[in-house]
């Protein structure tokens with residue numbers, strides 16, 4: 001029987017946090033981005049898989065930790081020219097795996113809480129999708145020199161504007177009287 005390396009292994013969707021932490025499990029795998037509905041709804045396109053490198057372990061304070069990074073390529077709408085812009089999105093994270101809100105409050109500030117169910121399981125894909133979504137730029141833009149924004153050229157032949165009479169000048173005169 002041929003053993004598969006972790007790089008070849010399929011990234012599990014629903015995982016047992018305690019088991020993975022106790023075995024110091026590591027994964028280098030991809031998630032098919034077409035299966036991440038919330039990500040697809042937030043971008044124009046995401047044709048690249050999400051590359052994930054994650055590890056489960058206990059830190060020096062004995063907290064269950066999920067640490068890693070995710071990276072993918074997305075296409076979003078440029079907020080300057082409204083054209084499509086291709087962006088690399090990368091997220092690095094360190095998450096504390098806890099059973100309830102009380103334990104989440106006890107985590108150090110460097111760890112974002114992930115609450116696992118009563119059996120110690122959680123949806124790994126959903127957590128990783130959350131991290132990618134949090135890394136999306138709020139205002140995606142092309143680099144300034146690449147943006148296809150068509151600024152109107154100033155019209156040098158335009159006639160100067162004629163001063164118009166203020167429509168409220170009559171009221172100002174009445175107020176003076």
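The values are calculated or read from the model by the stated rules, or taken from the named source; none is laboratory data. Small disclaimer: the values here were computed from a predicted structure and weren't measured. We place every Cβ from the backbone using ideal geometry, glycine too, and count neighbours over all the protein chains shown.
The rows are residues; the columns are (1) more than 26 Å from residue 53 (Cβ to Cβ); (2) surrounded by 19 or more Cβ atoms within 10 Å (Cβ to Cβ).
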position: 66; (1), (2): no, yes
position: 72; (1), (2): no, yes
position: 86; (1), (2): no, no
position: 93; (1), (2): no, yes
position: 96; (1), (2): no, yes
position: 101; (1), (2): yes, no
position: 110; (1), (2): no, no
position: 115; (1), (2): no, no
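Within the range 147-173, residues that are modelled with pLDDT of 65 or more have Cβ atoms under 7 Å from residues that are part of a helix (DSSP H, G or I) and loosely packed, with under 10 Cβ neighbours inside 10 Å in no pair, counting only partners at least 6 apart in sequence or on another chain. Selection of the range 38-61 for residues being within 15 Å of the chain's Cα centre (by Cα), in a strand (DSSP E or B) and within 17 Å of residue 11 (Cβ to Cβ) yields 50, 51, 52.
For residue 85, the stated conditions hold: it is in a strand (DSSP E or B), more than 21 Å from residue 19 (Cβ to Cβ) and modelled with pLDDT under 95. Out of everything in the range 62-91 that is over 16 Å from the mean Cα position of the chain (by Cα) and without any contact (Cβ under 8 Å) to a residue 24 or more places away in the chain, what residue ends up being nearest to residue 12 (Cα to Cα)? Ranking the candidates gives 62 first.
The single residue among 131, 94 that is touching a residue at least 60 places away in the same chain (Cβ under 8 Å), out of contact with any helix residue (DSSP H, G or I) (no Cβ under 6 Å at 6 or more places or on another chain) and either closer than 19 Å to residue 35 by Cβ or part of a strand (DSSP E or B) (or both) turns out to be 131.
Yes or no: residue 68 part of a strand (DSSP E or B) and more than 27 Å from residue 32 (Cβ to Cβ)? Spelling it out, it is not the case that residue 68 is part of a strand (DSSP E or B) and more than 27 Å from residue 32 (Cβ to Cβ).
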